[in-house]
Amino acid sequence: MKSPGEYITHHLTDWCVGCGADHQPQGLVDFNAVTLDLLLVSLACALTIAVVARVLGSRLSMESPGRLQLAVEAAVEYITDQIREVFPRVNHFVGAMALLIFFWVLLMNMADLVPIDLPPTVAGLIGGAFGVEETYFRFVPTAALDTPFAMAIVVFVMTVTYQIRANGVGGYFKRFLVHPYGKYALPANIVTVLIEDLSKPISLALRLFGNLFAGELIFALLALLTFATLEPISAAVAIWAPLHFIGGVIWSLFHLLIIVLQAFIFAVLTIVYLGMAQQPEH
């Protein structure tokens, strides 16, 4: 039986290729480290969305739409309304991307509702069959910094692209020289615009990461309520096991709201940032 610290650390450690002996990347940015578990779960979620979209597209019905079709149509209509508010005309590319972001983030977030010990246990059994003594498998991609920042960086690159399209290369760099304090406050302008631009992807990523990481950590702490009574086994397990189950159900229902809300916020803020970027500077 692992100690509480070892148990939580094990569940928050990635299956990482190219990491050091401590199974952690060597620094905040380590291009030699590849977190295979995050990649596999993210790709599995993307593949699930692609398959469902393909099946749904082949079964579209105007006369008797199913519940899934109605839910997707409601999401499409809402995204379209949001785009109309910030774009001069409907941008179908941004709409499709925002819709994909919403469902992809939602599905990755919902991985947090899988029993926390199930993925590491399955990974341990598979690793043991190949002679691996200690296996790690983190099941929630958005609860690690890698995934939220990867998506936020893509949104940031698109934002810069829209700004250059709207104002030209010269207009884009002119922002750093004269905005917002005028041409005589160049150093302050550069610092202000850099903070303004970089705060958007950073806050976009950290908001998603923080909420999902906290949720994952709370599930681990709830599991420890029962495990603490198993070594040695005591009569207290009759009390803590039901409390663990009840607490897990209550937190899962509350966390489900957070899961949907964070996917919604990420998609809507993507639309807002891109809409602001395509407006000409005056």
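Modelled spin-label separation between Y184 and V249, with each label point placed 7 Å from Cα along the Cα-to-Cβ direction: 6.9 nm.
For the chain, the mean residue ellipticity at 222 nm estimated from helices alone is -25000 deg cm²/dmol, where every DSSP H run of n ≥ 4 contributes -39500 (n - 2.57) and the total is divided by all residues, rounded to the nearest 500.
Calculation over all alpha carbon pairs of the chain in 10 angstrom steps from 0 returns a P(r) of 6, 22, 27, 23, 14, 6, 2, 0 percent.
Using DSSP H assignments, which helices in the chain have an axial alpha-carbon span of 15 Å or above and a mean Kyte-Doolittle hydropathy of 0.0 or higher? Flagged H segments are 36-58, 67-86, 92-110, 118-129, 146-178, 186-227, 237-277.
Which of the peptides 7-14, 249-256, 111-118 is most tightly packed, and how do the rest follow, judged by the mean count of other Cβ atoms within 10 Å per residue?
Sorting 7-14, 249-256, 111-118 by mean packing, highest first, produces 7-14, 111-118, 249-256.
Peptides 121-129, 51-59 ranked from most to least packed give 121-129, 51-59, packing being the mean of other C-beta atoms within 10 angstrom over each peptide's residues. Look at the dipole of the stretch 4-277 built from charges on Cβ: of L113, N167, L145, the Cα furthest out on the positive end belongs to N167.
Where nothing but the Cβ of Lys and Arg (+1) and of Asp and Glu (-1) is charged, how large is the charge dipole of the chain around its Cα centre, in debye to the nearest 20?
1020
The simple spin-label model puts a point 7 Å past each Cα toward its Cβ; for L43 and T9 those points are separated by 3.0 nm. Debye sum, Cα scatterers, the stretch 1-120, no solvent: what log₁₀ I/I(0) at q = 0.13, 0.15 1/Å? Values, matching the q order: -0.75, -0.88.
Read the figures in this text as sums done on the coordinates, not as results from a lab. Just so it is clear, the structure is predicted and the values come from calculations on it, not from any experiment. Methodologically, a virtual Cβ is constructed for each residue, glycine included, from the backbone with ideal geometry; neighbour enumeration extends over all protein chains shown.
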